[in-house]
1. log10 I(q)/I(0), Debye, Cα-only region B:230-410, no solvent, q = 0.08, 0.16 Å⁻¹?
2. How do B:180, A:270 rank when sorted from fewest to most other Cβ atoms within 10 Å of their own Cβ?
3. Label residue A:343 and residue A:389 with points 7 Å out from Cα along Cα→Cβ: what is the distance between them in nm?
4. Short version: ³J(HN,Hα) in whole Hz for each residue of region A:261-275, in order, from phi by Karplus 6.51 cos²θ - 1.76 cosθ + 1.60 (θ = phi - 60°), x for Gly and Pro, what are they?
5. Send over the semi-axes of region A:334-426's equivalent ellipsoid, whole angstrom and largest first, taken as the square roots of 5 times the C-alpha gyration tensor eigenvalues.
6. How far, in nm, would the chain grow between residue A:15 and residue A:332 when pulled straight, counting 0.36 nm per residue and subtracting the alpha carbon separation?
7. Tally Lys and Arg at +1 and Asp and Glu at -1 over the other residues with C-beta under 12 Å from the C-beta of residue A:21: what net charge comes out?
8. In degrees between 0 and 90, to the nearest 10, how far off the longest principal axis of chain B does helix B:170-180 point, with axes built from Cα atoms?
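Computed from the coordinates by the stated procedures, all read-outs in this text should not be read as laboratory data. Source: prediction; values computed, not measured. Cβ placement follows ideal geometry from the backbone for every residue including glycine, while neighbour counts extend to all protein chains displayed.
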Amino acid sequence: MLNRKIQPTITDAVSFDLKLRTCEQYQLDNKVPVYSMNAGTQDVLMIEWVFKAGNWFEQKNIVAGTTNFLLKNGTSTKTAYQINDHFEFYGAYLNRTCYNETASITLHCLSKHFNELLPVVAEIITDSIFPEEELITYQQNQKQKLSVNLKKCDFIANRLIDEYVYGFHHPYGKYTSTLDYDQLNRAELIEFFKRFYAEGHCTIFTAGKIPSNLQSQLNKYFGALPLQQRAIPHIQYNLQSAVEKKHQIINDENGVQGAIRIARPFPNKHHPDYQKTQILNNIFGGFFGSRLMSNIREDKGYTYGIHSYIQNHMGETAWMISTEAGRDVCEATISEVYKEMEILRNEVVDEDELSLVKNYMLGTVLGDLDGPFQLIARWKNYVLNNLDEQYFYNSVQLIKNTGAEELNVLAKKYLNPEEFYELTVI
Amino acid sequence: MIEYNRFTLDNGLTVLVHEDTATPMAVVNVLYDVGARDEHPNKTGFAHLFEHLMFGGSINIADYDEPLQRAGGDNNAYTTNDLTNYYCQLPAQNIETAFWLESDRMLSLAFSEKSLSVQRKVVCEEFREHYINKPYGDVWKQMRQLAYTVHPYQWMTIGKELSHVENAHIDDVKHFFFKHYRPVNAILVVAGNVRTEDIKQLAEKWFGPIPMGDKYIRCLPQEPVQDLARRLTIEAAVPLDAFVKTWHMDARLNKGYYTADLITEILGGGASSRLYQSLVKEQKLFSNLDCYHFGSLDAGLLTIEGKLVKGVDINKAEQAIAEQIAQIQEQPVSIAELTKVKNKTESVIAFEDMSIMSRASSLAMYELMGDASLMNTELEKYQEINPQDIVDYSKQIFRESNSNTLHYLAK
């Protein structure tokens, strides 16, 4: 007789022998490093060019982001339309993203088309001209987009909490105003482009079904460019956290929800507490079965979702709790968050809950090691943060071996309400 | 080419297995043939609320998530106007836990009052977060009501209004469950590092004993051909005027659907598309502009939607869109442009099929439409379309009398 009350036997994920697939590495003639993950069953390819060109290096707000955005908007031989039409004709996607330290150009395409696409990427990196007309359109449309976003409580909250934690002069803490868009000028973009792209520092990541001649073609189009020659400027920013810890903003008098953000500074990935705290964070608010979700969503129904996470920064970062809750239950939500911190400080997590979280985390790691794009994303994270595969194996060992007492020590060290910034935006 | 094996249990449950030994994981995907279109007009939002209740404990298992997480698994679900889909992914050696969990909640829910009262609140917060507390959040509520006079696509999956969700009663929940969540109305897809023989045994063991239930026979009122243009103007506390216009298009399996899909790509797919190049870049009438459809199984809506550059007269903007439409109706697209949108389609399909999770949900979806093998002939249907098809279908759907226009103006 089938017993539906009892869970079938499972293999504990803790017993898995997790292996990170190695990444092939080589250099182009100009010393540009290339990381390559040849895997997967579909005939697709991803190539990402990562430049040290994030907003860390800009002198004026939004110059790095704008330069990155307008890379597709014109070279001396091609208009924005011609560039877009070229990639779209081959069913390819050319995206660009600006982060804090780095900025990327990412190509996704069917493997069979890459040869037609590489020369145009090379042209963009060497010969973007930032036409005035394109800049004007960009300014206008970005300002319009901003005006819509400024109506959203979650958008406002995300900006302000970062400012409180890092300070407005820190790349992690600053944000964009209409005035910033107005003050952009073409010459600054060209200068930033030349310094940080055309003559910048680049690392290339490739993944998918890698064509046999990809290495030689990358070398042909990118191996002779004047990259990696000039030193990367060393710029130091200090945290200037806000003095006042608690903030309440009314952005919309008629708002029916409040965006709540609660955050504290937290050390970077190299700190010995970082990986262990990921386990504590999972228990606290890191997944659907976390304490914050169980209590505030699944028991009280105050919110559609509540999460905690450590922001993915290269430098000193922040531990954040984030939710949108009903306007009349915002205060109750915040007090429940602090209650959950208190429980973690005062009570050692029981073995049952801890083993569940460990199994969940390792199962997720196993799932994350599946597929070329996920694998290269993990490698990219390690490479750009000056970590290596040992970091992966350490992390797996820590998940397997960290005890409840150690987590309690971390809770006492980091989950103190007086060290958190707290914000509600309605 | 996505390969699979199919078998049916005695209770009518269809099972598909897609074997892929390259992954250490397995996905268990259960699709129920019920969506928001199957709701009573006075009890909307129910299919989606129900999706939440499916995590509130089943007859023999108090908590769905915890045992799955203990087995290293993760899960989620979504509800559309057409269907409800549940999926979990876990290490392949632990797959039986997924069978245990999914079969128990197909057998019967716990029907807990506590779960209902909490999830009503959670769904109301979801409603507020996405549709009330966001600028332009009610655009689709308005557009659906305008475009559909009888078909239940006239409401969103979240529901027509908060009160429908707030008033959901436990008896409604039970009735809904035993009407729709039966083996005969479900499709189970298992994908990943599994063997069909093993899955057969597991399926028989866990799902076999569940009573078949009655096949749900869908008979929805079909939307009559629209023969008079409908227009609506709304003022709201938003920073920019927005323009939304829809035209009725064909149902999912008709040739017209595939043609409409390519038309949306020609008009609005990417930065080299016609609407973007002409109306955003050259004429600077819109700051953003999209052309899309929802992939609805019943006859859907082809949509053009954008926000106007401040100071632009909305009638002038609408006229400019009309000129683009006249062009696609009158001048056949070049072979190069048609090749471009077909290449894009080929690429989208290849990228979609990368993960076993996406392959599993696609197989379930195509099986729901009639046959999972349709998944492997999809690209051919796009390849068959020629320039004259685009002209003909543009003329057919882009009639003013077939359109619904919403001017959503800043107060």
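1. Taking Cα atoms of region B:230-410 as identical point scatterers yields -0.28, -1.01.
2. Final ranking by Cβ density, sparse to dense: A:270, B:180.
3. According to this spin-label approximation, the distance is 4.1 nm.
4. Couplings: 10, 10, 8, 9, x, 8, x, 7, 4, 7, 6, x, 7, 4, 6 Hz.
5. Semi-axes, largest first: 29, 19, 14 Å.
6. This chain segment gains 110.1 nm when fully extended.
7. My count for the surroundings of residue A:21 gives -2.
8. Once rounded, the angle reads 90 degrees.
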